[in-house]
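The values are calculated or read from the model by the stated rules, or taken from the named source; none is laboratory data. As the structure is a computational prediction, the values presented were derived from the model and not from experiment. Here the Cβ positions follow ideal geometry from the backbone for every residue, glycine too, while neighbour counts run over all protein chains shown.
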């Protein structure tokens with residue numbers, strides 16, 4: 001069974017078609033990259049899956065349950081979560097609190113008004129494990145805004161992991177990173193991909209080819225290629241879109 | 001890092017205890033007990049209002065509706081049914097809570113100016129209805145009440161005609177509200193409000209039903225504003241439809257912005273400054289609102305985080 005199925009998806013912004021007739025299926029445990037030139041519709045595609053934008057037409061299924069036009073929090077509760085291209089952490093909360101609040105949403109503590117939030121040890125313990133996973137140990141009590149850029153990126157991933165989703169959408173996980181930070185991130189994504197299904201938008205072609213088991217290429221909202229990395233590398237249409245295709 | 005965290009918590013509880021001590025001995029310092037009792041009621045109003053502005057980041061410009069409906073409920077129940085004071089307080093909170101649920105439900109999906117304008121228009125609607133229903137509300141002339149004694153039938157009965165007793169009666173509720181709000185802000189629920197303010201989209205992708213949290217906060221805010229209204233009605237022994245008007249809503253906005261939205265204590269300082277100043281300047285000059293306006297503009301231009309924010313900045317810079 002496909003974990004995510006997209007049928008005839010279209011999204012128009014006024015006269016501009018950002019997504020055109022996209023028809024895709026993603027299998028459990030695959031690591032699929034979505035690539036394409038700027039403005040190809042990659043981020044829009046993620047936003048529609050996550051329910052942050054509604055499609056003009058088409059349907060989306062998560063494990064055969066239709067999620068088209070569902071509110072974001074419900075989609076998240078089903079087991080999809082994303083990381084953002086533009087950092088989306090909570091700057092005035094500590095690292096620990098950033099992770100803890102993400103775990104808390106799955107619990108029944110949310111409408112507890114009178115206990116201190118730090119009271120719940122079980123949450124703290126789970127948060128500690130996530131912090132270890134994204135190599136932020138030692139930084140638990142730092143405010144998120146005081147982290148270095150690479151640390152913030154890892155926290156971004158950590159917040160998403162803390163939700164324990166089955167499908168993770170990674171929007172440019174290495175954007176703006178220095179070379180050795182990218183190496184660490186590749187390792188991190190690799191270890192996550194052993195347990196989860198990942199969909200990744202990424203501009204760094206080295207990252208894409210070293211990680212993906214499958215690559216989908218979008219150009220002007222359309223899928224122009226879909227296959228294993230070797231096929232994509234040799235695809236003429238892809239080369240054209242990247243090298244000379246953008247008028 | 002941990003030391004700093006500890007210091008933060010440490011100092012917060014100290015501020016809490018200090019403010020309790022301050023208001024506990026205030027009647028010994030200030031002889032005009034009426035004014036300081038009024039300050040307490042406005043402080044409760046400000047703290048409740050700031051749950052929305054400071055914690056959720058939504059500016060309600062119609063909080064007079066909850067304050068006023070609380071006050072009116074108290075007055076009407078006292079006049080027509082001569083109920084026990086505590087029942088009046090509970091009923092006032094309840095009515096304010098119902099209004100807050102309805103208005104909140106209809107406006108909580110809006111942002112920024114749209115939210116402010118919607119809440120304002122609902123409150124103004126209530127104001128004009130109250131103005132028209134002169135037989136019930138007394139219109140602009142309002143209703144006068146007789147302050148009932150504080151009593152539990154068969155157990156005790158204390159008259160609140162002495163200003164000092166009235167002060168400590170309101171002080172009790174002030175402490176209660178401060179304690180509740182303090183817990184609330186630090187609770188798991190409070191944390192969710194904080195992340196909604198910091199990054200709403202992210203909160204949604206983490207599975208939080210943002211509207212539900214905002215609405216809950218709005219209702220709680222309305223409930224306690226209603227409490228402030230009932231107490232205010234008992235203090236001034238009077239309620240009129242001006243208590244529902246936008247000027248009242250504006251008062252609490254000004255108070256909170258002057259004091260600072262960043263913490264529980266900002267609105268308290270704002271209530272002190274606003275009430276004292278209004279009282280002082282209005283004696284000196286008829287056009288005293290003009291001066292208050294200048295002060296307000298000065299704060300918005302130069303002290304964006306209010307008095308409390310400036311104090312905090314000064315302290316942290318020293319460390």
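Observations
- Qualifying positions in the stretch A:2-56 - in contact (Cβ under 8 Å) with a residue 60 or more places away in the chain and on the phi > 0 side of the Ramachandran plot: A:21, A:29, A:36, A:39, A:41
- Flag for residue B:103 being at pLDDT 95 or above, assigned to a helix (DSSP H, G or I) and closer than 23 Å to residue B:138 by Cα: no
- Restricting attention to the stretch A:117-129 and to residues that are over 15 Å from residue A:93 (Cβ atoms) and within 12 Å of chain B (Cβ to nearest Cβ), the residue that is surrounded by the fewest Cβ atoms within 10 Å (Cβ to Cβ) turns out to be A:119.
- Unique match (being part of a helix (DSSP H, G or I), buried (at least 20 other Cβ atoms within 10 Å of the Cβ) and away from every other protein chain (no Cβ under 14 Å)) among B:223, B:231: B:231
- Exclusive hit being under 17 Å from residue B:207 (Cβ atoms), part of a loop (DSSP other than H, G, I, E, B) and within 14 Å of chain B (Cβ to nearest Cβ), set A:110, A:137: A:110
- Scanning the stretch B:132-146 for residues that are touching a residue at least 60 places away in the same chain (Cβ under 8 Å), surrounded by fewer than 17 Cβ atoms within 10 Å (Cβ to Cβ) and outside any helix (DSSP H, G or I) yields B:139, B:140, B:141, B:144, B:146.
Residue-wise test of (1) assigned to a loop (DSSP other than H, G, I, E, B); (2) within 14 Å of residue B:202 (Cα to Cα).
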{"site": "A:85", "(1), (2)": "yes, yes"}
{"site": "A:89", "(1), (2)": "yes, yes"}
{"site": "A:98", "(1), (2)": "no, yes"}
{"site": "A:114", "(1), (2)": "yes, no"}
{"site": "A:123", "(1), (2)": "no, no"}
{"site": "A:127", "(1), (2)": "no, no"}
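- Counting only helices (runs of 4 or more DSSP H) that sit completely within the stretch A:181-247, those holding 3 or more residues that are over 29 Å from residue A:15 (Cβ atoms) and touching a residue at least 12 places away in the same chain (Cβ under 8 Å) correspond to A:205-211, A:229-234.
- Selected residue (criterion: farthest from the other protein chains (Cβ to nearest Cβ)) from residues of the stretch A:58-72 that are crowded, with 19+ Cβ neighbours inside 10 Å and in contact (Cβ under 8 Å) with a residue 24 or more places away in the chain: A:60
- Taking the stretch A:83-94 as the range and being more than 7 Å from chain B (Cβ to nearest Cβ) and out of contact with any strand residue (DSSP E or B) (no Cβ under 8 Å at 6 or more places or on another chain) as the test, the residues that pass are A:86, A:87, A:89.
- Condition check for residue A:174: buried (at least 19 other Cβ atoms within 10 Å of the Cβ), under 20 Å from the mean Cα position of the chain (by Cα) and assigned to a loop (DSSP other than H, G, I, E, B): yes
- All of B:276, B:238 fail the test of being touching a residue at least 12 places away in the same chain (Cβ under 8 Å), touching a strand residue (DSSP E or B) at 6+ places or on another chain (Cβ under 7 Å) and away from chain A (no Cβ under 14 Å), apart from B:238.
- Restricting the stretch B:187-212 to residues that are within 17 Å of residue A:118 (Cα to Cα) and touching a residue at least 24 places away in the same chain (Cβ under 8 Å), the residue that is farthest from the other protein chains (Cβ to nearest Cβ) is B:193.
- Residue check, residue B:158 within 14 Å of chain A (Cβ to nearest Cβ) and either closer than 29 Å to residue B:219 by Cβ or at pLDDT below 95 (or both): no
- Exactly one residue among B:184, B:166, B:215, B:160 is assigned to a loop (DSSP other than H, G, I, E, B), in contact (Cβ under 8 Å) with a residue 60 or more places away in the chain, surrounded by fewer than 22 Cβ atoms within 10 Å (Cβ to Cβ) and in contact with a helix residue (DSSP H, G or I) (Cβ under 9 Å, 6 or more places away or on another chain), and that residue is B:160.
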